[in-house]
Amino acid sequence: MERFLNPLKNPINIVLMALAIAMNIVVGQLVTVLKLPIYLDSIGTVLVGALLGPIAGGLTGLLANVIWSLLGNAYALPYAVVALVIGVMAGIFGRNGVFRSNSPQWVGAAVGGLFFVALSLFILTFLNANEDGSLPAMADIINANALIFGITGVIGIVGGAVLIKNGGYAGLAGILTGIVAAVISAPITAYLFGGVTGSGTDVLVASFMASGQNILTSVFAQGAVSDPFDKMTSFMVVWIIINLLPKRVLERFEDQ
Amino acid sequence: MNASVTLEHLSFRYQRKTVDALHDLTYHITPQQITAIIGPSGAGKSTLCAIITGFMPQFFRGQVDGTITVNNHSPITSSVIAMLPHVTLVTSQASSQISGVCFTVAEEVGFALQNLGLAPDIIRQRVTDALHAMDIAHLAERSPFALSGGQQQRMVIAAALALQPPVLVFDEPTAQLDPPAVEALGVTLKSLATRGHTIIVAEHHLDWVATFADAVLVLDQGQLVARGTPSHVFDMYPQKSGRPYGIRLHSYLMQQGICAPTHTIQTIDQLVLTPPPDLQPPVVAHMAPAIATPILQIENVHFAYTPDTPVLNGINMHIGAGERIALLGRNGAGKSTLLRHLNGLLRPTTGIVRIHDHDIARRAPGHNAKHVGIVFQDVRNQLFAATIRDEIAFGPRTLGLSANEVQRRVEHALTTCGLTDVADIHPYDIAPARRRLVATAAVMALESDILALDEPSAGLDEASIQQLVHAIDDTTARGRSVVLVSHDLNLCAAYTERVVLIKAGRVAIDSTWQALTRAELQLLDDEVGLPMGHAVALRHQIDTSTPLGRHLCNPMALR
Amino acid sequence: MQAGWFDRLHPLTKLSWAITVAIAAYITPTPWGAWVMMGVAIATPLTSAQRWPMYRTLFGLFVPIALSLFIIQGLLFPTPGYGRIMLGSYSLELGGLYVASISLARIVALGSGLLAVILTTTPSVLAQALAERGMPRSIEYILLMALQILPDMRQRTHAILEAQQARGLIITALPSRIKALIPLIGPLVVGALIDVEERAMALEQRAFASTNPPTRLQQIVDSRAQHIGRTLMFLTIGGLIIARVSGVWS
């Protein structure tokens, strides 16, 4: 009986982690086939975190990156620490019931609205950088582009109400995780890989640099634009799916 | 080996449940025999298999009362690994029993022995013996994932045999197998029993049980409701056990005076036909009318996945309204490929598929769903909703119907498939057999002109098959057609009028069950087998157009 | 193709080599450190049976990266004092190109080292080598299981797509593709979670819970020379790190 208490000794956990790693890769490929502008390549990690907690979640993220590199994506390995953190954060949020609770719909709308406004603010700040690379004050940006903020705010609120709905807490948790992920992966990309990953997002980095920023800031800016959105979507997909699971499956994992 | 399994007032209740899954079971399983456990879906067969193997109460938490002894050990107080030298379990889904850690079949078969730390030469010897016992020595170096379903099951059984347990438990082993593999499994289990193993098999496949089992236990709602030899049980307790097709045919023939009313037979090979000289042909219900305008036309369709592997070599076929068609063929003959051409999931390399005269290759497959709905074999690939009602509503909603229409269709599908009592329950919280009905109801709700079912009866108990048949009747009564792709030839003969055989990518037979010539019967037998009545006709060289032949091929004989 | 000397090395030797080369490429002061290590990384497995697949993959992986680097650091990274070349209306910063070439060399050193290990070592042998040195068995299980289940899961995704399209799912316009996410991911995840129980039961039946040390049927060949080699490599890495951190090298 006691061997079930150590997460790595329980065959259920082991199988789940293995399947979750495969899920990461397969769902990531599915999203490419569907031609959607997100990665969604940590669904499995977030799921394990939500069901089994931070240790299992972190381990799943770490091993998932190891598997990625074993499949030939050699440059996935240094990001293992990012995947680990995502799994740990998903686990912490999971232990606090984020994935099992419904938020009131206005929370979903508010999250959507805030997210889009913040995103626009972020992008506009960088695009309006001064000649010497310094960033203008937020207040100036808001005043100068009030109409744009109004529109994005409305789009965000409506989108949040419709798409996020009652998953507001999960969405918020995802955004936070995405920000942390961007913060941790920026130095890795900047110093280890010279600021590039060979994918389409390099264009974004290039445009931030063109507006006068250095590599680290540009890479972080790119991450801050894509990672929170990607993780918000991942967390919400996991939230939706956990609420679609039969009771006996949830009970099986609750007992771990 | 002389291992017995003894149950004494055994009861088990799963944690958080209010009803016993097994209640007060007392039985002694005789060693060196095949004992079958039958009963409706949800009766507790799988629970009993798991408890014998040692999975309770650690793996499946719950309350155990009474005792159970397996080879003089208690699986309740022992863990699964401690019971491995005495008993192992093989379930129906072979692919889920592959460990995933081993890269060759030989390694997989010896994996348990490796983990137990046995010496290398002992492991090698036992693996060789097990591979030979299951006739898969030639697959030793293959990847476990590169095998067919039947081969994977043999590998899993070999892995169990390598542990040399005297007791072998099987939970619905025939569910995923085609008829030749089903027969081969029976022969294998018989030889294992002869070598001294005690075999316990939970099954829905009653004809298989009738042929191969030495003793039968009938479970219903966790209780033992009948026991005895197969003929005894099927004879005395047909309501509780269900009736194998062989028994149904035999009863019908006895009723018609074609067979002497003797004691029941074990297999149809034992049938002795004594038809009266003035035998009248049966009155068979009028067949579907001749096709006026076909709904679906397949014209000279060729298809190849890659240029050098042609699969379909010129298929010509029409499907009219209200038809019931059995689509038969060996694995690899092209049935599944043809099925996917019906709704445009695959497009022909040359040739055209028309629905209501429109070439469906121009439309996305999703748009063809309102004309052709397919229920695929693995329902896990389809189910994702939180309630059965939502699951069924998904199709109509995706079609863009009004809320009222969606509701109407959902209610109709629930009623037709007998799911009204579980409408608000999660699809995975009901028994597996009913889950297949959920998948069928979900596709039926599309109310498409043609409904195709891929292996709809695999793993279904008799009650669920009856429900399925009811749903098929409802569909065709409304002028829609049903295509059954199935290995269950008796089911096909009982409930479809038309039979289409695909051989080497071509239509080899396109006829009604009643009108099959002797040559066609032979061809069918060579390719996939025959329903029981037709098999008897072929064996006794009786023409299907004679009164005796008509009786043998009467679909009512199998119902 | 015949296995070369590199292929026959113990997995951990190869792994230590890849790590040493990668760390050396990043830590040694530019310019020659990165370029030399890149050369070492590419040249060492020259006689390997896997050299063509390896070089082909390398090329495919790093050409897009080289391109991006060229643009980002060449065109956009003003480095006063290094001069520039004019290409039409774009100015190429020589300093940026210099930095880009160093970055590329480092990335290639890291990537080709790992690639050489991956292509010349089967996963089960690599996992066994690590397990013999103390990696928990359960991690070995997770890694190997994930690798082998992957093709199976991909097939399932395809089957799910078929089954749901047969129910009316459309994936043409963007809104329909977004709505298709849950009907496609849902069955995959739910199906996998239901499967977990049966697979765990199978693992139990394979004596997963055994406390005995497992019997390995395949012995991985090691040699004293390699053992010494690995120790030397670790000492080298340690030395490099200390040298860099203490400021002896700038």
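The values are calculated or read from the model by the stated rules, or taken from the named source; none is laboratory data. Everything quoted here is computed from the prediction, not taken from an experiment. Counting neighbours? That spans all protein chains shown, and the Cβs are built from the backbone with ideal geometry, glycine included.
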- Message: Can you name every one of the helices (runs of 4 or more DSSP H) wholly within the stretch C:158-250 that holds 2 or more residues which are in contact with a Pro (Cβ under 8 Å, 6 or more places away or on another chain)?
- Response: C:181-205
- Counted residues, the stretch B:73-108 - those being farther than 30 Å from B:ASP135 by Cα and either facing chain C (nearest Cβ under 10 Å) or in contact (Cβ under 8 Å) with a residue 40 or more places away in the chain (or both): 1
- Message: If B:GLY505 meets every condition in (1) among the small types (Gly, Ala, Ser); (2) over 19 Å from the mean Cα position of the chain (by Cα); (3) closer than 30 Å to A:PRO246 by Cα apart from one, which number is that one?
- Response: (3)
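Of everything in the stretch B:421-433 that's part of a helix (DSSP H, G or I), in contact with a Pro (Cβ under 9 Å, 6 or more places away or on another chain) and not aliphatic (A, V, I, L, M), which residue is nearest to B:THR387 (Cα to Cα)?
The residue in question is B:PRO427.
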- Message: Restricting to the stretch B:42-85, give me the number of residues that are within 13 Å of B:VAL167 (Cβ to Cβ) and in contact with an Asp or Glu (Cβ under 6 Å, 6 or more places away or on another chain).
- Response: 1
- Task: Report, by residue number, each residue of the stretch B:513-558 that is touching a residue at least 12 places away in the same chain (Cβ under 8 Å), under 25 Å from the mean Cα position of the chain (by Cα) and exposed (fewer than 14 other Cβ atoms within 10 Å of the Cβ).
- Result: B:GLN522, B:MET556
- Note on the structure: Only unsatisfied item for C:GLN218, checking (1) within 29 Å of the chain's Cα centre (by Cα); (2) surrounded by 12 or more Cβ atoms within 10 Å (Cβ to Cβ); (3) within 30 Å of B:ILE81 (Cβ to Cβ), is (2)
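Please enumerate the residues belonging to the stretch C:111-152 that are among the polar types (S, T, N, Q), within 9 Å of another protein chain (Cβ to nearest Cβ) and closer than 27 Å to C:ALA25 by Cα.
Quick first cut of the stretch C:111-152, residues among the polar types (S, T, N, Q) only: C:112, C:120-122, C:124, C:128, C:138, C:148.
After this cut, where a residue has to be within 9 Å of another protein chain (Cβ to nearest Cβ) as well, the list is C:112, C:122, C:124, C:138, C:148.
The answer is C:SER112, C:THR122.
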- Note on the structure: Counting only residues in the stretch B:414-445 that are touching a helix residue (DSSP H, G or I) at 6+ places or on another chain (Cβ under 8 Å) and polar (S, T, N, Q), the one nearest to B:ALA458 (Cα to Cα) is identified as B:THR440
- Message: With more than 29 Å from the chain's Cα centre (by Cα), within 13 Å of chain C (Cβ to nearest Cβ) and within 29 Å of B:THR47 (Cβ to Cβ) as the only criterion, which of B:LEU116, B:LEU168 stands out?
- Response: B:LEU116
- Message: Which numbered condition in (1) within 14 Å of chain C (Cβ to nearest Cβ); (2) crowded, with 21+ Cβ neighbours inside 10 Å is the only one that A:LEU71 fails?
- Response: (2)
- Quick one: what pairs do we get from the stretch A:216-237, first residue more than 30 Å from B:PHE384 (Cβ to Cβ) and touching a residue at least 12 places away in the same chain (Cβ under 8 Å), second β-branched (Val, Ile, Thr) and buried (at least 23 other Cβ atoms within 10 Å of the Cβ), C-beta under 7 Å, 6+ apart or different chains? A:SER218/A:VAL205; A:VAL219/A:THR189; A:VAL219/A:VAL205; A:GLN222/A:VAL205
- Would you say C:ALA49 is in a helix (DSSP H, G or I) and assigned by TED's automatic domain parsing to the domain that holds C:ILE102? no
- Query: Out of all the residues in the stretch B:506-534, which are over 23 Å from B:GLY332 (Cβ atoms) and touching a Gly at 6+ places or on another chain (Cβ under 8 Å)?
  - Reply: B:MET532
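Tell me, which helices (runs of 4 or more DSSP H) lie completely within the stretch A:151-256 with 1 or more residues that are closer than 24 Å to A:ILE55 by Cα and aromatic (Phe, Trp, Tyr)?
Per the criteria, A:168-187, A:215-242, A:247-254.
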- Message: Suppose we keep only residues that are more than 7 Å from every other protein chain (Cβ to nearest Cβ) and of a type in the set (Gly, Ala, Ser) within the stretch A:7-53. Which one would you say is surrounded by the fewest Cβ atoms within 10 Å (Cβ to Cβ)?
- Response: A:GLY28
- Item | Residue check for B:ALA433: in contact (Cβ under 8 Å) with a residue 24 or more places away in the chain and within 9 Å of chain C (Cβ to nearest Cβ) | no
- Scanning the stretch B:504-559 for residues that are of a type in the set (Lys, Arg) and in contact with a strand residue (DSSP E or B) (Cβ under 8 Å, 6 or more places away or on another chain) gives B:ARG506
- Query: Do the conditions hold for C:ILE194, that is, is it crowded, with 16+ Cβ neighbours inside 10 Å and at the interface with chain B (Cβ under 7 Å from one of its Cβ atoms)?
  - Reply: yes
- Query: For the stretch B:436-482, how many residues are among the hydrophobic types (A, V, I, L, M, F, W, C) and more than 22 Å from the chain's Cα centre (by Cα)?
  - Reply: 4
- Note on the structure: Pairing a residue in the stretch B:58-71 that is within 14 Å of another protein chain (Cβ to nearest Cβ) with any residue that is among the aromatic types (Phe, Trp, Tyr), where Cβ atoms lie under 6 Å and the two sit 6 or more apart in sequence or on different chains, gives B:GLY62/B:PHE12; B:GLY62/B:TYR14
- Message: List pairs: first residue in the stretch C:154-181 and facing chain B (nearest Cβ under 8 Å) and over 26 Å from A:ASP230 (Cβ atoms), second residue among the aromatic types (Phe, Trp, Tyr) and part of a helix (DSSP H, G or I) anywhere in the structure, Cβ distance under 7 angstrom, at least six positions apart or on different chains.
- Response: C:ARG167/B:PHE394
- Query: Conditions: (1) in a helix (DSSP H, G or I); (2) of a type outside the set (Asp, Glu); (3) touching a helix residue (DSSP H, G or I) at 6+ places or on another chain (Cβ under 6 Å). B:VAL169 meets all but one. Number of the miss?
  - Reply: (1)
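Yes or no, residue by residue, for (1) touching a residue at least 60 places away in the same chain (Cβ under 8 Å); (2) over 23 Å from C:ILE182 (Cβ atoms); (3) crowded, with 20+ Cβ neighbours inside 10 Å:
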residue: B:HIS358; (1), (2), (3): no, yes, no
residue: B:ARG362; (1), (2), (3): no, yes, no
residue: B:ALA369; (1), (2), (3): yes, no, yes
residue: B:PHE376; (1), (2), (3): yes, no, yes
residue: B:ARG397; (1), (2), (3): no, no, no
residue: B:GLY400; (1), (2), (3): no, no, no
residue: B:GLU405; (1), (2), (3): no, no, no
